[in-house]
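**Q** For reference, the structure I am asking about is given below.
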Amino acid sequence: MNDIAIRAEGLTKNFGPVSAVRDVDLAVYRGEIFGLVGPDGAGKTTIMRMLSGVLPPDAGRIFVDGVDAVADPEGARLRLSYMPQRFGLYEDLTVAENIFFYGEIFSVPRGERIARSGELLEAAGLLPFRRRMAGQLSGGMKQKLGLVCALIHTPRVLLLDEPTTGVDPVSRRDFWAILYNLRESGVTILLSTAYMDEAERCSRLALLHNGEVRRCDTPAGIKKAMPGALLAIISADPRRLREAVSGQPGVLGVLLMGDRLHVRVDDPARRIPELRLLLAGRGVTGAVIQAAEPGIEDVFVALLGEMA
Amino acid sequence: MNLRRTFAMAYKEALQIWRDPRSLAIALLMPLMQLVLLGYGVSLDIKHVPLCVFDQENSQQSRAVVDRFVSSDWFSISHTINRQSGIGYALDRGDCIAALVIPADFSRRLSTVGAAPVQAVFDATDVNTTNVALGYAQGAVAQANAQIAAQWAASQGVLPSLVGQVDLEPSTWFNETLESRNFIIPGVVAVILSLVGAELTSLTISREWERGTMEQLISTPVTPLEVMLGKLTPYFAIGFFDAGFCLVSAVYWFRVPFRGNIGTLLATTALFIVVVLGIGYLISARIRSQLGASQIALLVTMLPATLLSGFTFPLDQMPALVRAISLAVYARYYVTILRSVFLKGSGLYDLWAPLLGLSIYAVAVIWLAARALHKRLD
């Protein structure tokens with residue numbers, strides 16, 4: 001299919017006896033911001049590395065922008081940009097020198113490089129720091145510089161491995177603003193993240209667990225797939241509530257979310273009165289029980305709990 | 001191969017070297033330090049061997065013999081003693097390496113019998129020094145004999161030239177003054193370049209792995225050949241600068257005679273630097289930690305270059321097996337070339353054998369190094 005920018009079929013990778021990625025199929029459409037979501041050790045980085053061509057898969061096929069990346073990795077590399085989880089630029093080179101280097105490595109014409117790096121630095125808020133050593137930048141600025149270097153050759157496909165981990169909220173906002181602009185210009189973005197609020201910003205998501213894709217859908221579609229219904233109980237002491245509610249009949253899962261408790265139940269019409277009675281019996285007063293919209297995290301925890 | 005990417009690699013690497021104190025120290029200070037240490041520390045010349053003299057006669061004739069020992073720079077009298085047992089003490093304490101004993105009836109026996117023994121005792125713990133000192137002693141005695149014969153001839157009214165004598169007139173070529181420095185300094189240059197070159201490049205790839213920059217680099221279209229050529233270019237310039245520094249010091253500071261052709265010297269030196277840098281690069285591509293790579297580079301270059309290159313220990317005196325092993329020590333070819341170019345003024349044609357050895361090495365090392373980097377993480 002021509003409108004698929006990244007396709008993976010039966011992607012598998014083992015590290016000795018540990019199977020890190022098992023038979024993963026992915027299809028990322030052109031112009032998507034596609035998110036790989038999962039806990040640490042789910043296989044996000046391994047998948048990213050295989051897609052970017054730095055780690056050969058044990059089995060499976062990868063197509064980047066129509067190019068078979070396993071058979072012709074160099075052809076695929078011309079079309080993609082990969083930003084590893086760990087800062088991959090030269091800390092002893094300045095911002096401008098790093099951009100120059102990656103521009104030359106991708107043979108970007110001089111005029112285009114200057115124009116593009118100006119735009120990108122502007123968008124990233126890095127213009128005043130052009131002469132600063134990359135190692136002297138803050139975490140957020142480093143990630144934005146990584147993005148600038150990754151974009152200097154106008155790739156068709158952008159692979160970002162946990163690009164905003166350890167990045168302050170303001171830099172994250174800048175970062176996403178750049179990503180949205182890129183999507184407008186037709187770049188396909190595949191990113192991995194452990195942040196659920198970021199997952200909600202993606203056009204589609206793949207939920208990963210133990211090296212397998214557990215669900216792949218739009219954020220809305222994934223939320224609909226949550227088994228049961230979600231209730232939020234707001235109270236002064238949600239920790240105590242959790243102990244009271246856990247294990248009650250009809251309660252499928254309990255998740256502490258700050259000042260509230262998310263309780264997943266099989267049948268809300270029947271369970272809400274039961275829970276009210278339970279809380280009254282335990283002497284909990286002033287607790288509000290209401291139906292809630294599930295977030296990705298609720299769904300994720302629910303789905304994982306179901307598999308376990 | 002894409003020249004732009006190669007230049008980008010070279011420029012980036014040059015910036016990094018310029019900003020890395022450790023690389024700069026290896027590039028600039030290490031050659032200087034080693035030149036001083038090895039240039040002055042390693043000398044095979046044995047002069048002023050401390051001699052203890054027990055002259056029991058102390059006559060004009062016995063003193064003439066002692067004079068023969070000290071008139072050259074070979075021996076210098078550490079002290080004179082007057083008891084036989086003093087020799088034992090002096091040798092035990094290490095005050096002297098040789099002792100000369102002249103008997104009380106030295107001149108009497110000389111005039112009556114026509115021959116008189118003198119005794120020389122050596123501390124043979126250091127065999128090498130003893131052998132040289134023994135040679136010096138025999139030379140001194142031969143000179144004394146010639147002198148005595150001439151005196152006898154004169155006293156008999158015979159022309160000294162009519163007294164039958166065979167004179168050896170030795171003629172030492174290429175290193176006329178027999179200065180071991182002339183022989184050692186070219187070897188020192190080879191040892192320094194082997195070590196510095198391999199140490200420099202041994203860090204270049206492992207640094208990228210350690211700092212996490214390799215993962216991003218290998219996701220780009222840059223090829224292993226471009227990485228190698230780009231990275232080696234600035235190191236080649238440094239290596240050539242270091243070679244120039246060492247060679248100029250050899251000629252103008254250590255006063256080693258230079259009789260060869262500058263072009264020959266530069267061409268062979270360039271070839272050697274390519275080999276040395278390639279070895280370091282190979283190690284670097286295989287060992288992913290900087291420390292490990294640096295240690296291995298030290299091990300594989302320093303020991304063979306000092307022991308098996310003929311730099312101090314003559315290769316043709318070694319057992320056949322060791323000599324065969326030394327064929328694999330690339331430094332030996334450069335040591336041979338440097339000595340020949342410096343002292344004999346040899347041209348490329350005379351040097352075909354070591355040049356062939358070095359060329360085979362260069363081709364093999366670069367061929368391997370160009371393939372050493374695998375653009376994959378596992």
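**Q** Quick one: count up the residues across segment A:61-86 that are touching a helix residue (DSSP H, G or I) at 6+ places or on another chain (Cβ under 8 Å), surrounded by fewer than 22 Cβ atoms within 10 Å (Cβ to Cβ) and within 8 Å of chain B (Cβ to nearest Cβ).
**A** Total satisfying the criteria: 1.
**Q** Looking at A:S171 and the list (1) touching a Gly at 6+ places or on another chain (Cβ under 6 Å); (2) more than 14 Å from chain B (Cβ to nearest Cβ); (3) in a loop (DSSP other than H, G, I, E, B), which single condition is not satisfied?
**A** Status for A:S171: all satisfied but (3).
**Q** Output yes when any residue across segment A:157-170 is modelled with pLDDT under 90 and of a type in the set (D, E), and no when none is.
**A** Yes, segment A:157-170 contains a residue that is modelled with pLDDT under 90 and of a type in the set (D, E).
**Q** Sticking with this one: Can you name the residue in segment B:221-255 that is part of a loop (DSSP other than H, G, I, E, B), surrounded by fewer than 23 Cβ atoms within 10 Å (Cβ to Cβ) and of a type outside the set (K, R) and, of all such residues, is nearest to the other protein chains (Cβ to nearest Cβ)? Let's see the steps before the verdict.
**A** Of all residues in segment B:221-255, those part of a loop (DSSP other than H, G, I, E, B) come to B:221-223, B:253-255.
Now drop any that are not surrounded by fewer than 23 Cβ atoms within 10 Å (Cβ to Cβ), which leaves B:221, B:223, B:253-255.
So of that shortlist, the ones also of a type outside the set (K, R) come out as B:221, B:223, B:253-254.
Working: B:P221: 5, B:T223: 8, B:W253: 35, B:F254: 37 Å.
If we take residues in segment B:221-255 being part of a loop (DSSP other than H, G, I, E, B), surrounded by fewer than 23 Cβ atoms within 10 Å (Cβ to Cβ) and of a type outside the set (K, R), then B:P221 is nearest to the other protein chains (Cβ to nearest Cβ).
**Q** Something else now. From the set of residues in segment B:325-366 that are polar (S, T, N, Q) and part of a helix (DSSP H, G or I), which is farthest from B:V251 (Cα to Cα)? Walk me through how you get there before you give the answer.
**A** So in segment B:325-366, the residues polar (S, T, N, Q) come out as B:326, B:336, B:340, B:346, B:359.
In the following step, the residues that additionally are part of a helix (DSSP H, G or I) were identified as B:326, B:336, B:340, B:359.
Details: B:S326: 28, B:T336: 17, B:S340: 14, B:S359: 26 Å.
For segment B:325-366, the residue satisfying everything is B:S326.
Listed here are the residues, each with its yes/no results for (1) surrounded by 15 or more Cβ atoms within 10 Å (Cβ to Cβ); (2) touching a residue at least 40 places away in the same chain (Cβ under 8 Å).
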{"site": "B:F7", "(1), (2)": "yes, yes"}
{"site": "B:A10", "(1), (2)": "yes, yes"}
{"site": "B:L15", "(1), (2)": "yes, no"}
{"site": "B:A25", "(1), (2)": "no, no"}
{"site": "B:K47", "(1), (2)": "no, no"}
{"site": "B:S76", "(1), (2)": "no, no"}
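**Q** Hey, can you tell me all the residues within segment A:58-104 that are basic (K, R) and farther than 20 Å from A:L158 by Cβ? Outline the logic, then answer.
**A** Filtering segment A:58-104 for residues basic (K, R) gives A:61, A:77, A:79, A:86.
Residue satisfying the conditions is A:R61 alone.
**Q** Might you check whether a residue that is over 14 Å from the mean Cα position of the chain (by Cα) and either part of a helix (DSSP H, G or I) or over 30 Å from A:G66 (Cβ atoms) (or both) occurs anywhere in segment A:151-162? Can you show your working first?
**A** Within segment A:151-162, the first condition is being over 14 Å from the mean Cα position of the chain (by Cα), and the residues that meet it are A:151-157.
Subsequent filtering for residues that are either part of a helix (DSSP H, G or I) or over 30 Å from A:G66 (Cβ atoms) (or both) retains A:151.
The answer is yes, given that some residue of segment A:151-162 is over 14 Å from the mean Cα position of the chain (by Cα) and either part of a helix (DSSP H, G or I) or over 30 Å from A:G66 (Cβ atoms) (or both).
**Q** Now for a different question. I'd like the full set of residues that are crowded, with 20+ Cβ neighbours inside 10 Å and within 14 Å of another protein chain (Cβ to nearest Cβ), limited to segment A:15-44.
**A** Residues satisfying the conditions are A:A20, A:V21.
**Q** Name the residue, out of B:L298, B:L303, B:L271, B:L377, that is surrounded by fewer than 23 Cβ atoms within 10 Å (Cβ to Cβ), at pLDDT below 90 and more than 30 Å from B:G212 (Cα to Cα).
**A** Values: B:L298 fails: more than 30 Å from B:G212 (Cα to Cα); B:L271 fails: at pLDDT below 90; B:L377 fails: more than 30 Å from B:G212 (Cα to Cα).
When all the criteria are applied, what remains is B:L303.
**Q** Any idea which residue in segment A:87-119 is nearest to the other protein chains (Cβ to nearest Cβ), counting only those that are aliphatic (A, V, I, L, M) and crowded, with 22+ Cβ neighbours inside 10 Å?
**A** Quick first cut of segment A:87-119, residues aliphatic (A, V, I, L, M) only: A:89, A:93, A:95-96, A:99, A:105, A:108, A:114-115.
Right, trim to crowded, with 22+ Cβ neighbours inside 10 Å and you get A:89, A:95, A:99, A:105.
Details: A:L89: 7, A:V95: 13, A:I99: 12, A:I105: 5 Å.
Only one residue tops the list, namely A:I105.
**Q** Between A:A27, A:A42, A:A71, A:A5, which is among the aliphatic types (A, V, I, L, M), in contact (Cβ under 8 Å) with a residue 12 or more places away in the chain and not in a strand (DSSP E or B)? Outline the logic, then answer.
**A** Working: A:A27 fails: not in a strand (DSSP E or B); A:A71 fails: in contact (Cβ under 8 Å) with a residue 12 or more places away in the chain; A:A5 fails: not in a strand (DSSP E or B).
Every option except A:A42 fails the conditions.
**Q** Working only within segment B:349-369, note down all residues that are out of contact with any Gly (no Cβ under 9 Å at 6 or more places or on another chain) and aliphatic (A, V, I, L, M).
**A** B:L351, B:A353, B:L355, B:L356, B:L358, B:I360, B:V363
**Q** In segment A:204-261, which residues are surrounded by fewer than 16 Cβ atoms within 10 Å (Cβ to Cβ) and either under 16 Å from the mean Cα position of the chain (by Cα) or at positive phi (or both)?
**A** If the condition is that a residue be surrounded by fewer than 16 Cβ atoms within 10 Å (Cβ to Cβ) and either under 16 Å from the mean Cα position of the chain (by Cα) or at positive phi (or both), then A:D217, A:T218, A:A220, A:G247, A:G250, A:G258 are the ones that fit.
**Q** What are the pairs, 6+ residues apart or on separate chains, where a residue within segment B:85-106 that is in contact (Cβ under 8 Å) with a residue 12 or more places away in the chain and surrounded by 13 or more Cβ atoms within 10 Å (Cβ to Cβ) has its Cβ under 8 Å from a residue that is assigned to a loop (DSSP other than H, G, I, E, B) and of a type in the set (G, A, S)?
**A** B:P103/B:A116; B:D105/B:A116; B:F106/B:S59; B:F106/B:A116
**Q** Suppose we filter segment A:48-78 for residues that are charged (D, E, K, R) and closer than 22 Å to A:L151 by Cβ; how many remain? If you could, list the steps in order and put the result at the bottom.
**A** Here is the first cut: in segment A:48-78, the ones charged (D, E, K, R) are A:49, A:58, A:61, A:65, A:68, A:72, A:74, A:77.
Now drop any that are not closer than 22 Å to A:L151 by Cβ, which leaves A:49, A:65, A:74, A:77.
Counting residues in segment A:48-78 that are charged (D, E, K, R) and closer than 22 Å to A:L151 by Cβ gives 4.
**Q** Write out, first by first residue and then by second, each pair whose Cβ atoms fall under 8 Å of each other, whose residues are 6+ apart or on separate chains, and whose first residue, in segment B:247-276, is assigned by TED's automatic domain parsing to the domain that holds B:Y333 while the second is among the hydroxyl-bearing types (S, T, Y) and not in a helix (DSSP H, G or I).
**A** Within 8 Å, the pairs are B:G260/B:S346; B:T264/B:S346.
**Q** Take segment A:45-57 and flag every residue that is more than 10 Å from chain B (Cβ to nearest Cβ) and either in a loop (DSSP other than H, G, I, E, B) or free of Cβ contacts under 8 Å to residues at least 24 places away in the same chain (or both).
**A** Scanning segment A:45-57 gives a single hit, A:P57.
The values are calculated or read from the model by the stated rules, or taken from the named source; none is laboratory data. Everything numeric in this text was worked out from a predicted model, so none of it was measured. Counting neighbours? That spans all protein chains shown, and the Cβs are built from the backbone with ideal geometry, glycine included.
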